[in-house]
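Asks: Take this structure, written in structure tokens, and hold onto it; I'll ask about it next.
The values are calculated or read from the model by the stated rules, or taken from the named source; none is laboratory data. None of the values given here were measured: they were computed from a predicted structure. When we count neighbours, we look across all protein chains shown, and the Cβ atoms used for this are built from the backbone with ideal geometry, even at glycine.
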Amino acid sequence: MIAAAQHPANWTLSVVLAWFMAGLAQVFFAVGACVTPDLPWLVAEVAVFTLIGVVMARFVRPGWPSSLVTPGAVLIVSAVWRSGALVKWAVVPSYFVIPVLVVVAMRVFHDLTHRLPAPLVACTLSLLGAGSARLVTLVGGKTAVPVQQFAEDVARPLEALQSTPTTPKTPPIIVISVDTLRADHATTMETWKWFEARGATWTAAQATASWTVPALGSVWTGLLPAAHGAGDLPVGFASLKPVDQGVITLAEQAEEAGWDTAAFVANPFVSTTLGFRRGFRHWVNPDESVAQPLALLGERWSLPGRDGDVVVQHAIDYLDRAPESGFLLWVHLFDPHLPYTHLEEGHGALVVEHPKQIRRKKIRTTKRLIADVKDAYKTEVAYSDKVLMKLLREIERRGLDEDAIFVFFSDHGEELWEHDGFEHGHSHHKEVTEVPLALVAPCVRPGARAGVVSLQDIAPTLRNLAGFDPAPAEPQGYDLCFPVPEDRVVLAAGNLYGPSQASGRTITDKIIETRKKDGSVKRREQFDLTTDPDEQQPADVDSENALAETISRVETAADGQNVAPVSIDQLCALGYVDCDETE
């Protein structure tokens, strides 16, 4: 160790520098994460670390407490504690032993480099400690790809230093979606009225599945779920099929054409591992890039970045540095999905943390609970509306509303006991598969349009508007710049849990087919949408029914060739999957 008596001035400088760099490095990682503390807190954190360094250099004798290793070690220990690892004894090797080994390695590095300039050693050790602390936070946050996310967290603060890319002189495309937004609730939003005044809307728009992954897969590829491959399997979850199998996303085409592409999304399923990042140069998903708490002035971290306001702010920040044309922006909010996070304390719906509590009958479904959940859902829709209008006003302020192409939609709806069930992923009834859809583009006039349309239509429509080639895989959806055929049939396939289902509808009729585990038909229900728009009066299906024959050919499962890792802990916490619980 370098003794103070040997190099008093150099040692004092090095100790102070080590603490200063530790504070600065962790602030850098905080800025690179999905949620950043306010600037005064960042400045205060660096100031406190620097002050500690001054005190250490001035009043503490040379040794372990005042060594150059200490600041980095403090960051690592703080990250371990804030991640909650110390109370998860089953994962001590991952969260405690490994950080200790890192600290020991830092100490060895310290001793082996005593001949190097002490300031250089100080900076290196502090940076190593800050980087290790960030990795602990990412692993503790259950991110599926922590090393890749770490690299992106390092690069994100540097984006402001990059020059604006040169992109094609084509109108930008802005895609806005809201998870779990029912069509009938969407029409009450100010956001919907904004789109309604500027573009075409459809009152008969359908999702291609009853849950997020296969539905969004269809949005970005123009394919039905079995064709694009993203969905659930008996052994896990499947990602979008690769390009060499004919599955190319709109974002991949935009990136290849030189567009700047950015996505700011919230949902653990809308993930890198499931293929939704493909083609997006800029990407933020709070479930992948968890917040980085400040070591001294921060609180135990959670996942606040999933909040719609945080996601929208990322989008607004991107618009500040986006090129004037030739960019693709996707914003996906999560707020109407459980758990409802914008309710007043004591609200009756707060007893429902995730839908499996109701599915397993651990919470009794009463009239009061139903009323409370419906009220909570309206609250979350209103919150999404509020933050989206913040984004739309920023778009107006920049004049993008005059030239940009817009799409607004939901991936699926939400059942609120219309058919004696709750949430989504289990049913193909109207309240789950009917979605809002609006298009603002030069090819359509404002106003409601006739015909039944699908989320499958978004990709081919935007490909045409952007001048991209049609995707190689078939069949694609329709180009919404043109009227859809009066006899159009739209299809949906797959559930997340419960019996497998496929469905199809025309402008007047709908059939839901429920299948057994072996794929054979268990039952078919037909609904006359002209007399029974809420699908409350099922009728038997004639064996010669052409719509039923079309639905019977729809595949409902992926082939299992593209299984992807996902964070099961996050999905379990949201009620997406059933998993072991500690009662």
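Asks: Does Val312 satisfy the criteria of being over 22 Å from Trp220 (Cα atoms), buried (at least 21 other Cβ atoms within 10 Å of the Cβ) and within 13 Å of the chain's Cα centre (by Cα)?
Replies: Criteria not met by Val312.
Asks: Would you pick out the residues in the range 317-337 that are of a type in the set (A, V, I, L, M, F, W, C) and either touching an Asp or Glu at 6+ places or on another chain (Cβ under 7 Å) or not assigned by TED's automatic domain parsing to the domain that holds Arg278 (or both)? Steps first, answer last, please.
Replies: Residues of the range 317-337 of a type in the set (A, V, I, L, M, F, W, C): 319, 322, 327-331, 333-334.
Once the filter is applied, which keeps residues that are of a type in the set (A, V, I, L, M, F, W, C) and either touching an Asp or Glu at 6+ places or on another chain (Cβ under 7 Å) or not assigned by TED's automatic domain parsing to the domain that holds Arg278 (or both), the range 317-337 yields Leu319, Ala322, Phe327, Leu333, Phe334.
Asks: Can you find even one residue in the range 375-382 that is over 27 Å from Val213 (Cα atoms), out of contact with any Phe, Trp or Tyr (no Cβ under 8 Å at 6 or more places or on another chain) and surrounded by fewer than 16 Cβ atoms within 10 Å (Cβ to Cβ)?
Replies: No.
Asks: So if I check each of Val521, Val554, which one is farther than 20 Å from Thr433 by Cα and surrounded by 12 or more Cβ atoms within 10 Å (Cβ to Cβ)?
Replies: Checking each option against the conditions leaves just Val521.
Asks: Further question on the same structure: Just the residues that are surrounded by fewer than 23 Cβ atoms within 10 Å (Cβ to Cβ) and within 17 Å of Leu329 (Cα to Cα), please, taken from the range 436-445.
Replies: Val440, Ala441
Asks: Tally up the residues in the range 234-250 that are more than 20 Å from Val566 (Cβ to Cβ) and either of a type in the set (Ser, Thr, Tyr) or crowded, with 19+ Cβ neighbours inside 10 Å (or both), please.
Replies: Residues in the range 234-250 being more than 20 Å from Val566 (Cβ to Cβ) and either of a type in the set (Ser, Thr, Tyr) or crowded, with 19+ Cβ neighbours inside 10 Å (or both): 2 in total.
Asks: Go through (1) modelled with pLDDT of 95 or more; (2) among the aliphatic types (A, V, I, L, M); (3) closer than 30 Å to Gly246 by Cα one by one and return the number of the condition Leu529 breaks.
Replies: Among (1) modelled with pLDDT of 95 or more; (2) among the aliphatic types (A, V, I, L, M); (3) closer than 30 Å to Gly246 by Cα, Leu529 violates only (3).
Asks: Any residue at all in the range 256-270 that's over 21 Å from Gly308 (Cβ atoms), of a type in the set (A, V, I, L, M, F, W, C), over 12 Å from the mean Cα position of the chain (by Cα) and assigned by TED's automatic domain parsing to the domain that holds Trp330?
Replies: Yes, the range 256-270 has at least one match.
Asks: For the range 409-435, which positions are farther than 17 Å from Asn267 by Cβ, touching a residue at least 24 places away in the same chain (Cβ under 8 Å) and buried (at least 19 other Cβ atoms within 10 Å of the Cβ)?
Replies: Phe422, His426, Ser427, His428, His429, Lys430, Glu431, Thr433, Glu434
Asks: Report yes if some residue within the range 324-345 is at pLDDT 95 or above, part of a loop (DSSP other than H, G, I, E, B) and among the acidic types (Asp, Glu); otherwise report no.
Replies: yes
Asks: Taking into account only those residues within the range 498-524 that are basic (Lys, Arg) and in a strand (DSSP E or B), which is nearest to Gln456 (Cα to Cα)?
Replies: Arg505
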